[in-house]
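The values are calculated or read from the model by the stated rules, or taken from the named source; none is laboratory data. All figures in this text were calculated on a predicted structure; none of them were measured in a lab. Note: ideal-geometry Cβ built from the backbone for every residue, glycine included; neighbour counts use all protein chains shown. Ligands, DNA and RNA are stripped out before the accessible areas are found, and what is left, the full protein with its side chains, is counted by its heavy atoms. Shrake-Rupley method; radii C 1.70, N 1.55, O 1.52, S 1.80 Å.
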Amino acid sequence: MEQLFEVAEQVGVEVMSTSLPESMTGIFIRSNEIEPVACLSHSIQGQLKMERVTLATCIGSHIVLTDDTAYAPCYYDDYKKRLTASRQEYKRMRKAAEILIDTNDLLDAITSGLEEVWELAEHFNVTEDFIALRLAVWEKSGR
């Protein structure tokens, strides 16, 4: 987590813990009135994998997004809005995956014999879904 806190500081994102609805692990907020802030839910405190993935996603949001934003997953009933949101979400998650797991580290883990998704997830201390995303990003872009 220390490395992620350092990255957050480098890119200008304040990190705080707060109460959020049960279904939310975090929210990223940026506006002209306040510094960018990553709010991590009290409910994930002590769950290192979820804390890492959530904070990395907030940092990825800050790097990728260009407008004033309060970001949380939303439901869209309009297909075009849902597609746009999905593309933005993929960009945020891709950046988060690149922040958390360097390509060289991923290659080293695989060549050392870690082949299963769950093994890689344990090695990098992230969720299995996040490893699956990181592998897909690597396969698609080579990074």
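Table for the structure above
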| read-out | value |
| --- | --- |
| Single condition Asp78 does not satisfy, out of (1) modelled with pLDDT under 85; (2) more than 28 Å from Leu135 (Cβ to Cβ); (3) touching a helix residue (DSSP H, G or I) at 6+ places or on another chain (Cβ under 7 Å); (4) not hydroxyl-bearing (Ser, Thr, Tyr) | (3) |
| Within segment 1-71, strands (runs of 3 or more DSSP E) holding 3 or more residues that are open to solvent by less than 60 Å² (accessible area, probe 1.4 Å) | 14-18, 26-30, 37-41 |
| Those residues of segment 21-51 which are without any contact (Cβ under 8 Å) to a residue 12 or more places away in the chain and of a type in the set (A, V, I, L, M, F, W, C), in sequence order | Ile34 |
| Selected residue (criterion: nearest to Lys140 (Cα to Cα)) from residues of segment 84-98 that are open to solvent by less than 60 Å² (accessible area, probe 1.4 Å) and at pLDDT below 80 | Glu89 |
| Residue ID - farthest from Glu9 (Cα to Cα), chosen from residues in segment 99-126 that are in contact (Cβ under 8 Å) with a residue 40 or more places away in the chain and open to solvent by less than 40 Å² (accessible area, probe 1.4 Å) | Ala121 |
| Asp129, sole failed condition from (1) open to solvent by 40 Å² or more (accessible area, probe 1.4 Å); (2) more than 17 Å from the chain's Cα centre (by Cα) | (2) |
| Meets criteria (at pLDDT 80 or above, among the hydroxyl-bearing types (Ser, Thr, Tyr) and more than 21 Å from Glu2 (Cα to Cα)) for Ser112 | yes |
